[in-house]
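A short write-up of the structure that comes next.
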């Protein structure tokens, strides 16, 4: 069976926009369209379409935050790590997608993002050379991900898949994307966080 375009030996991280739109339509009992999402979240319609069609290879954290804000869901509801075909973790990923309550029309999202990169905490105590070797990531990529002073504003789809796979092997369970990047609602987030 041939690999899908973005699938690697680490699996893939795919956006769940199609599922979120369907769940939102049912939960909110209104017709939610890609254009509505783009307008409310102040995103380019091409960006939303690319995520919907799973064409995006580089995830912008501000974009992810705006989508989580719109759907009132966490990163784990927005991005799903699909383990490689021969992984023991495939069966563990059967959780349903949920959206939070909404009252439309939503105000536009605040400009400040509240996506926390918790990758440094997850890799604490692990040598970056070991992470690079076992995850097939370049060492400079690992260094950039661990930089808490100037954290990355974008992260590659393949990098997230490699990290989920590496941590799943290390910890013995399927580590979802939501354990690497965390959405914080502006109403409850602490102002002093990056």
Which numbered condition residue 114 misses (of (1) out of contact with any strand residue (DSSP E or B) (no Cβ under 8 Å at 6 or more places or on another chain); (2) buried (at least 17 other Cβ atoms within 10 Å of the Cβ); (3) modelled with pLDDT under 90): (1)
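From the list 130, 124, which one is closer than 19 Å to residue 164 by Cα, part of a loop (DSSP other than H, G, I, E, B) and at pLDDT 80 or above?
Working: 130 fails: part of a loop (DSSP other than H, G, I, E, B).
Residue meeting the stated conditions: 124.
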Is it the case that some residue within the range 171-179 is at negative phi, within 17 Å of the chain's Cα centre (by Cα) and free of Cβ contacts under 8 Å to residues at least 40 places away in the same chain? no
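Which one is nearest to the chain's Cα centre (by Cα), of the residues in the range 57-78 that are part of a loop (DSSP other than H, G, I, E, B) and more than 13 Å from residue 37 (Cα to Cα)? Full working, then the answer.
Kept after step one, since they are part of a loop (DSSP other than H, G, I, E, B), are these residues of the range 57-78: 57, 72-74.
Next cut, more than 13 Å from residue 37 (Cα to Cα) only: 57, 73-74.
Numbers: 57: 12, 73: 11, 74: 8 Å.
If we take residues in the range 57-78 being part of a loop (DSSP other than H, G, I, E, B) and more than 13 Å from residue 37 (Cα to Cα), then 74 is nearest to the chain's Cα centre (by Cα).
For (1) within 15 Å of residue 161 (Cβ to Cβ); (2) crowded, with 19+ Cβ neighbours inside 10 Å; (3) touching a helix residue (DSSP H, G or I) at 6+ places or on another chain (Cβ under 7 Å), each residue gets a yes or a no:
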{"residue": "15", "(1), (2), (3)": "yes, yes, yes"}
{"residue": "18", "(1), (2), (3)": "no, no, yes"}
{"residue": "30", "(1), (2), (3)": "no, no, no"}
{"residue": "43", "(1), (2), (3)": "no, yes, yes"}
{"residue": "46", "(1), (2), (3)": "no, no, no"}
{"residue": "52", "(1), (2), (3)": "no, no, yes"}
{"residue": "55", "(1), (2), (3)": "no, no, no"}
{"residue": "70", "(1), (2), (3)": "no, yes, yes"}
{"residue": "82", "(1), (2), (3)": "yes, yes, no"}
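The values are calculated or read from the model by the stated rules, or taken from the named source; none is laboratory data. The shown structure was predicted, so the numbers you read here are calculated from the model rather than taken from an experiment. Quick reminder, even Gly has a Cβ in these numbers, built from the backbone with ideal geometry, and neighbours come from all protein chains shown.
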